[in-house]
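So the structure is just underneath, and the comments pick up after that.
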Amino acid sequence: MISYFTIAIGGIALLLLVSGFFSGSETALTAVSRGLMHQLEKEGSRRARDVNELLADREGLIGAILLGNTFVNILVSSLATSLLQTTFGARTVVVTTIAMTVLILVFAEVLPKTLAIARTDRFALAVAYTLRPIVSILAPVVRAVQFVVWRVLAVFGVREHHEPDAILPPHEDIRGTVALHHIEGTVEREHRDMIGGILDLHELTVADAMTHRKNMAVIDADQPVAQLLDSIIAADHTRVPVWRDTPDNIIGVLNTKDIVRELVRRRGTFKDFNILPLLAEPWFVPEAMTLEEQLTAFRERRTHFALVVDEYGALQGLITLGDILEEIFGDIPDEYAKVEPAGVRPQSDGSYLIDGTLPIRELNRALDWNLPDEEATTIAGLVIHEARTIPDVGQRFAFHGYTFEILRRHRNQITALRITPPKPADQIETPH
């Protein structure tokens, strides 16, 4: 016949197992990847659906787990006290406290929570099915406890239905998660940059990605046909803005394919050739429009080219679909482009010769730097912003951990500079 001692020991072991179940479930379900669970549910996983349903009422879930765990821990301690009463007498409380503290800490807290941290998603999927009915059964008690808790918190000014206390918007949470995975080695640098580029589209404006008017290839509508064709070839673009009277007066956009078709139709003759009928109406967009809005506009209008104007209607530059895609994928060179990024020339001493017109975002992506681009678009603009003046050739500045030396300047524009990045931590010499 089974003795009371054997039954009690078995009961204690079973209750410790149940307590570990609650402890591990709490850790796993609070740390589980909700994105992964959502994707698994879309793929038909019933366990993932159970996890998502539990997480839908996180407050009720945590309340049920804490209620169950507290009840089980008190019960196992009471059972152990009853079991040891006849053996230790007056010392039962001390002995039971020490013994159950060790047992609960090791087997009902540390062990299951360590396992839940090491195998978070698998642990959550494994316990969700069993935990759902437990949460449902304990729901009335949990709601009563929550009612009391919120009444107490109300005394201190904390309301039940307060607005979310998020420090960062959701897209920054995604960016941080991707950056963390990159540090851990599970996300490649290129993938991190692409995801970051997509997240930046709703913050960056057209002015951040456009080709400035100083660098635009434009064509005079009144020049002779031979010079016109030379200008088109020199421009090396599919679409070229055409102006009349002044370069800021854009009267249309010429597609080089239309020129080719017209020359084929004329069998290569230039007599009475007129480009005006070939021009497409120019589309002007404000420089303050975000790249996300501009991308949507490109899709709706089924075009890849727009001219950018400021709030006064003055021409500022042009934006293409390719410019937006390069914000996501980085520089997309053609078959004639150099492999190394344009405007960046590494030197043997670890520094880089940089063109002043190079965008900061492009430089950061090419060299995996982290220079700020909130106050300036180009690297020259960043130097001027930080220096609070237009520096002279030969001047040096140090900010954000980088050293900047001005190499060339054309009028008020910095055209070339040398940047020395900070040394990696493992290359910094420490004093002996």
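Anything in region 122-156 that is open to solvent by 80 Å² or more (accessible area, probe 1.4 Å) and within 14 Å of PHE22 (Cα to Cα)? List them, or say none. Matches in region 122-156: TYR129, ARG132. When the test is whether a residue is under 25 Å from PRO133 (Cα atoms), in a helix (DSSP H, G or I), out of contact with any His (no Cβ under 6 Å at 6 or more places or on another chain) and among the small types (Gly, Ala, Ser), GLY89 does not pass it. Check whether at least one residue in region 296-309 is outside any strand (DSSP E or B), without any contact (Cβ under 8 Å) to a residue 60 or more places away in the chain, open to solvent by 30 Å² or more (accessible area, probe 1.4 Å) and of a type in the set (A, V, I, L, M, F, W, C), and report yes or no. No: region 296-309 contains no residue that is outside any strand (DSSP E or B), without any contact (Cβ under 8 Å) to a residue 60 or more places away in the chain, open to solvent by 30 Å² or more (accessible area, probe 1.4 Å) and of a type in the set (A, V, I, L, M, F, W, C).
Screening region 17-64 for residues that are more than 24 Å from the chain's Cα centre (by Cα), outside any helix (DSSP H, G or I) and not acidic (Asp, Glu) and picking the one that is surrounded by the fewest Cβ atoms within 10 Å (Cβ to Cβ) gives GLY44. Which of the residues belonging to region 363-378 are in contact (Cβ under 8 Å) with a residue 60 or more places away in the chain and in contact with a strand residue (DSSP E or B) (Cβ under 7 Å, 6 or more places away or on another chain)? Within region 363-378, just THR377 meets the criteria. Here MET194 fulfils each of the conditions (1) in contact with a Phe, Trp or Tyr (Cβ under 7 Å, 6 or more places away or on another chain); (2) exposed (fewer than 11 other Cβ atoms within 10 Å of the Cβ); (3) not β-branched (Val, Ile, Thr) apart from (2).
Against the conditions (1) part of a loop (DSSP other than H, G, I, E, B); (2) touching a strand residue (DSSP E or B) at 6+ places or on another chain (Cβ under 7 Å); (3) surrounded by 15 or more Cβ atoms within 10 Å (Cβ to Cβ), HIS237 satisfies every one except (2). Being in a helix (DSSP H, G or I), out of contact with any strand residue (DSSP E or B) (no Cβ under 6 Å at 6 or more places or on another chain), without any contact (Cβ under 8 Å) to a residue 12 or more places away in the chain and of a type in the set (Asp, Glu) holds for only one residue in ASP230, ASP272, ASP258, and it is ASP230. Taking region 338-357 as the range and being open to solvent by less than 20 Å² (accessible area, probe 1.4 Å) and modelled with pLDDT under 90 as the test, the residues that pass are GLY343, VAL344. A single entry from ALA139, ALA116 fulfils the requirement of being in contact (Cβ under 8 Å) with a residue 24 or more places away in the chain and either over 13 Å from LEU67 (Cβ atoms) or among the basic types (Lys, Arg) (or both): ALA116.
The rows are residues; the columns are (1) modelled with pLDDT of 90 or more; (2) out of contact with any helix residue (DSSP H, G or I) (no Cβ under 7 Å at 6 or more places or on another chain); (3) open to solvent by 50 Å² or more (accessible area, probe 1.4 Å); (4) under 27 Å from ASP323 (Cα atoms).
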{"residue": "GLU362", "(1), (2), (3), (4)": "no, yes, yes, yes"}
{"residue": "ASP368", "(1), (2), (3), (4)": "no, no, yes, yes"}
{"residue": "ALA376", "(1), (2), (3), (4)": "no, no, no, yes"}
{"residue": "ALA398", "(1), (2), (3), (4)": "yes, yes, yes, no"}
{"residue": "TYR402", "(1), (2), (3), (4)": "yes, yes, no, no"}
{"residue": "GLU405", "(1), (2), (3), (4)": "yes, yes, no, no"}
{"residue": "ASN412", "(1), (2), (3), (4)": "no, yes, yes, yes"}
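Condition first: of a type in the set (A, V, I, L, M, F, W, C) and either touching a Ser or Thr at 6+ places or on another chain (Cβ under 8 Å) or exposed (fewer than 14 other Cβ atoms within 10 Å of the Cβ) (or both). Now tell me which residues in region 205-216 satisfy that. VAL206, ALA207, listed by residue number.
Only one entry of LEU417, LEU382 meets the criterion of being part of a strand (DSSP E or B) and modelled with pLDDT of 90 or more, and that entry is LEU417.
The values are calculated or read from the model by the stated rules, or taken from the named source; none is laboratory data. The structure displayed is predicted, hence computed values, not measured ones. Neighbour counts run over all protein chains shown; Cβ positions are idealised from the backbone, glycine included. These accessible areas exclude ligands, DNA and RNA; they are computed on the full protein's heavy atoms, side chains included. Shrake-Rupley method; radii C 1.70, N 1.55, O 1.52, S 1.80 Å.
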